[in-house]
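*Asks:* Got a structure for you, written out below as structure tokens; questions coming shortly.
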Amino acid sequence: MTTTQQRMAIIFDEWRKRWIEDPKDYIPLEEDGDPKTYGENCARFFEELANELDEKGLLPKPEKVENQWTVQ
């Protein structure tokens, strides 16, 4: 697995653990329940989890990638 894949797996595992413990707190929908924003809310929530896990030293450090994108 790449470092990015390892990080993602750890974040998903943490989300699953927390969801099992208390499902009502881990459904990232808007208050109105709009599913159109589900992906955006998940992305923000997973970023928060990543930051929290990084602060605790529980995630491998991301690989530094230079010139990843090429505009054509």
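*Asks:* What is the set of long-range amide H partners of LEU58 at a cut-off below 5 Å, with H atoms built 1.01 Å from backbone N?
*Replies:* none
*Asks:* Given a Förster distance of 30 Å, report the FRET efficiency between ILE20 and LYS64 from their Cβ-Cβ distance, rounded to the nearest 0.05.
*Replies:* Given R0 = 30 Å and the Cβ-Cβ separation, E is 0.30.
*Asks:* Can you spot the lysines whose alpha carbon is less than 23 Å from LYS24's alpha carbon? Ignore those fewer than 8 places along the same chain.
*Replies:* LYS36
Every number here is computed from the coordinates shown, using simple stated rules; none is lab data. Keep in mind it's a predicted model, so treat the numbers as computed, not measured. Cβ sites come from the backbone with ideal geometry, for glycine too, and all protein chains shown count toward neighbours.
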